[in-house]
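Engineer: Okay, handing you the structure first.
The values are calculated or read from the model by the stated rules, or taken from the named source; none is laboratory data. Since the model is a prediction, treat every value here as computed from it, not as a measurement. Note: ideal-geometry Cβ built from the backbone for every residue, glycine included; neighbour counts use all protein chains shown. Side chains are part of the model used for accessible areas, which takes the heavy atoms of the whole protein and leaves out ligands, DNA and RNA. Shrake-Rupley method; radii C 1.70, N 1.55, O 1.52, S 1.80 Å.
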Amino acid sequence: MEAGKVTLIGLVGKPNAGKSTFFKASTSSDVEIANYPFTTIGSNRGVAFIRDECPHKELDVKCDPNNSRCINGTRFVPVQLIDVAGLVPGAYKGKGLGNEFLDQLRQADALIHVVDASGSTDLKGNPVESDEHDPTEDIGFLENEIKMWLYGILNEKWGSIVKKVENENNKLLDEISNKYTGIGIKKRSIKLSLNKTQLDQEKPSKWNKSDIVEVAEEIRKQSKPILISANKVDISSEENIKKITKKHQPTVPTGAKAELILQKAEKKGYINYVPGESSFEIIEPSKITEEQKKGLDFIKENILDKYDGTGVQKSLEKTVRDLLNMIVVYPVEDESDYTNKQGETLPDAYLLKKGSTPKDLARKIHSEIADKYLYAKDAKSGRRISDDTELKNGDVIKIVSSA
Ligand SMILES: Nc1nc2c(ncn2[C@@H]2O[C@H](COP(=O)(O)OP(=O)(O)O)[C@@H](O)[C@H]2O)c(=O)[nH]1
Ligand SMILES: [Mg+2]
């Protein structure tokens, strides 16, 4: 993992599915962070948050968060979100906004596919009679677009790949990795994918089109894992939600518009509500109109109670925790009082892949600290830990380096 690289989630889907609503609901909450590690963030790029229990409670200290925020013992760890340009069928052939879409896709670590679960928009996002369109069609369509894009990159150079492998004894893995370097697909993902297909890696000249497509599909699964937000639950049939969930895992029933409405009501001081929670409290019933009360009751009954929240925060957290397999780790420089050089307590929270070691954490902080890594200490126990220790969620770690 590169130093300072922030996890990036792409919101994808056809027009009118609710991507921008989801984006706004995840990136415009009042949770501001002082020094977040991103410099420029364009109109369709924002910061969203993953919640973690802040170790300050367990350690009985007061924290001074720096790259994240702590609210009532919950740490909000930043990730980046891109609202990817609307996707239309045939994007991989350069149709519509295809190329812009693919360029943004390239940068994403994982995707949230926002699906209009109500079936009231067709495959291109045009409004149709409610429930006329089968939303499960959208799932295959999006996977196909990405798969065919990856296939196209390989297929274009297949002749030269074959030559390099069969005449020059190069490894197929290396040749395919070279073709995908610009897309940020790791060699490890390609290796896993190739092995899974059981195709003959010594004889790529024998492969037909469907073999290359099969490899592209495996690489898509490895490098761009997808979570589905079955959006517009407020106007969707339960049957549609079930159908989508059956076809794709993970799927999270979502009400992006409801999330936005709750946040607005919270900002106006009508309710107490924290994004991600499954309930809210009306602060002053006399302040809201009968109409507003009805709207809030509808959201409570049909979304929050039924699906345990609006699903927006859950989609983000499931993507990071379950699809990307990430944990939160807290590096410190003084393990006796959990501070950095400035004396700030538990200043930073980093997302790392499960299975990461202390050296991976060092790499995430700064390449120089990794290069001059000596050893690490678990601040909670005060003990030195071995270099191959797998870090756990909530660990507080001191890296000792000669940097
Ligand atoms: N009923 C309902 N409408 C929604 C929901 N989320 C988004 N919409 C509506 O769907 C339309 C398209 O939303 P938008 O976010 O612009 O979709 P995008 O084209 O995918 O970015 C707008 O009219 C939204 O208000 C939802 O959860 N429920
Ligand atoms: Mg939009």
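Engineer: Return the long-range amide H neighbours of Thr74 (sequence gap of 5 or more, or a different chain), with a cut-off of under 5 Å between placed amide H atoms.
Structural biologist: Cys54
Engineer: I've got another one for you. Within the P(r) computed for the chain, what percentage of the Cα pairs occupies the region above 35 Å?
Structural biologist: The proportion of pairs with Cα distances above 35 Å equals 36 percent.
Engineer: What number, in percent, do you get for the relative contact order of region 145-219 if the mean sequence gap of Cα pairs under 8 Å and at least 6 apart is divided by its residue count?
Structural biologist: 40 percent
Engineer: Name the residues whose placed amide hydrogens come within less than 5 Å of the amide hydrogen of Ala376, ignoring near sequence neighbours (fewer than 5 apart) on the same chain.
Structural biologist: Residues meeting the criterion, in which the H sits 1.01 Å from N, are Ile385, Val400.
Engineer: Moving on. Of the heavy-atom accessible surface of the chain (probe 1.4 angstrom), what whole percent is carbon and sulfur?
Structural biologist: Whole-percent figure for carbon plus sulfur exposure: 45.
Engineer: Right, another one. With every protein chain present, what is the per residue accessible area of the chain (1.4 Å probe, Å²)?
Structural biologist: Computed with neighbouring chains in place, this is 48 Å² per residue.
Engineer: Would you list, by chain and number, the aspartates and glutamates whose Cα falls below 12 Å from the Cα of Lys392, excluding same-chain residues fewer than 8 positions away?
Structural biologist: Partners within reach: Asp378.
Engineer: As a test of the formula, what do you get for the chain when each DSSP H run with n ≥ 4 contributes -39,500 (n - 2.57) and the sum is divided by the residue count, at 222 nm and rounded to the nearest 500 deg cm²/dmol?
Structural biologist: -10000 deg cm²/dmol
Engineer: Right, here's the next one. Students often forget the sequence filter, so: which lysines lie under 24 Å Cα-Cα from Lys287 once same-chain residues fewer than 8 apart are removed?
Structural biologist: Within the straight-line limit of under 24 Å, Lys287 reaches these lysines: Lys257, Lys264, Lys267, Lys268, Lys300.
Engineer: Follow-up. Can you list which of the trypsin sites (Lys or Arg not before Pro) found in region 302-353 are DSSP loop residues with at most 12 other C-beta atoms within 10 Å?
Structural biologist: Answer in residue order: Lys341.
Engineer: Quick one: longest stretch of the chain between exposed loop GluC sites (Glu not before Pro), exposed meaning at most 13 other C-beta atoms within 10 Å and loop per DSSP?
Structural biologist: Answer - 203-389.
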